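Heads up: the structure comes next, in structure tokens.
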Amino acid sequence: MPAYYKHPEWNELDTAVKETVALGDQIYLRFEDTIFYAQGGGQKSDRGTVSAEGNAYPLIKCIKDEHGDPLALIDSEHPEELLGKKVHLALDRPFRDTQMKLHTSLHLLHMLIEKHLGHDIENPITSDIEEDFAFNKYKNAVVEGVDFQMIAQEMNELTAQDIPVETWSDEKDPHYRYWKCMDTTIPCGGIHVKNLKEIGPVSLVFHSKKGNMTVQVRLG
Ligand SMILES: [Zn+2]
């Protein structure tokens, strides 16, 4: 299991380049272990730097291969020259923290909508995280009658409290992961805050267009 799941709080890691993988016309690096979360589930790839032999290469992105294992693309003319070399990974922590807070907020939003309606609802048509906000887009019919102002108030009550968030891997398939907060468990391979109070105040911006309701979560 990669370090980003085991130790999401790590900002740096000394590791080595285990393999180079050609995908399209680009060469990706597979590290022995990594703190860089690969993009997926609406969450953006981590940002950071890979240093080797006195050179620092910005991380362009981290993706998952066909087995769900992370591969890194760095800004280098010849990434293949790093094969077998020791490297130092440094994470852009503020960016990661924002992504974790926003991603966890979307779970909370969905959970509260279901609580209000008193039944499970289908997943959003679109769920995405931008640089400084995240959104879920639902069919209007699915969220009809939901008072989003009240949801915003309840979200803020929860994100002000000491409420733990648990995540773990499936015993049979470690790539399959779960998220649990209060009495809700959902399958999710994303990375999350460990406690709702890390999120702090949030605001919701919602608007209905062409039969769909977009609900944005903003931090602060
Ligand atoms: Zn998640």
(message) Where the second residue is within 10 Å of the ligand (Cβ to nearest atom) and open to solvent by 70 Å² or more (accessible area, probe 1.4 Å) and the first is free of Cβ contacts under 8 Å to residues at least 24 places away in the same chain and lies in region 174-186, which pairs have Cβ atoms under 6 Å and are six or more apart or on separate chains?
(response) Tyr178/Pro187
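Do the conditions hold for Val193, that is, is it assigned to a strand (DSSP E or B) and either surrounded by fewer than 14 Cβ atoms within 10 Å (Cβ to Cβ) or within 16 Å of the ligand (Cβ to nearest atom) (or both)? So that I can check it myself, show each step before the final result.
Values: assigned to a strand (DSSP E or B): no; either surrounded by fewer than 14 Cβ atoms within 10 Å (Cβ to Cβ) or within 16 Å of the ligand (Cβ to nearest atom) (or both): yes.
No, not satisfied.
Could you list all residues from region 148-172 that are assigned to a loop (DSSP other than H, G, I, E, B), more than 15 Å from the ligand (Cβ to nearest atom) and out of contact with any Gly (no Cβ under 9 Å at 6 or more places or on another chain)? First the steps, then the outcome.
To start, the set of residues in region 148-172 that are assigned to a loop (DSSP other than H, G, I, E, B) comprises 159-163, 170-172.
Imposing the further condition that a residue be more than 15 Å from the ligand (Cβ to nearest atom) reduces the set to 159-163, 171-172.
Gln161, Asp162, Ile163, Glu171, Lys172, listed by residue number.
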(request) Hey, could you check region 15-69 for residues that are within 16 Å of the ligand (Cβ to nearest atom), open to solvent by less than 30 Å² (accessible area, probe 1.4 Å) and assigned to a loop (DSSP other than H, G, I, E, B) and say which is modelled with the lowest pLDDT? (result) Gly42
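Residue by residue, here is whether (1) within 24 Å of Gly190 (Cα to Cα); (2) under 24 Å from the mean Cα position of the chain (by Cα); (3) among the acidic types (Asp, Glu) holds:
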{"residue": "Arg93", "(1), (2), (3)": "yes, yes, no"}
{"residue": "Asp120", "(1), (2), (3)": "yes, yes, yes"}
{"residue": "Thr126", "(1), (2), (3)": "yes, yes, no"}
{"residue": "Val142", "(1), (2), (3)": "no, no, no"}
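The values are calculated or read from the model by the stated rules, or taken from the named source; none is laboratory data. Please read all numbers here as calculations on a predicted model, not as lab measurements. Glycine also receives a Cβ, built like all others from the backbone with ideal geometry; neighbour counts cover every protein chain displayed. Note: accessible area is taken over every heavy atom of the protein model, side chains too, but ligands, DNA and RNA are not part of it. Shrake-Rupley method; radii C 1.70, N 1.55, O 1.52, S 1.80 Å.
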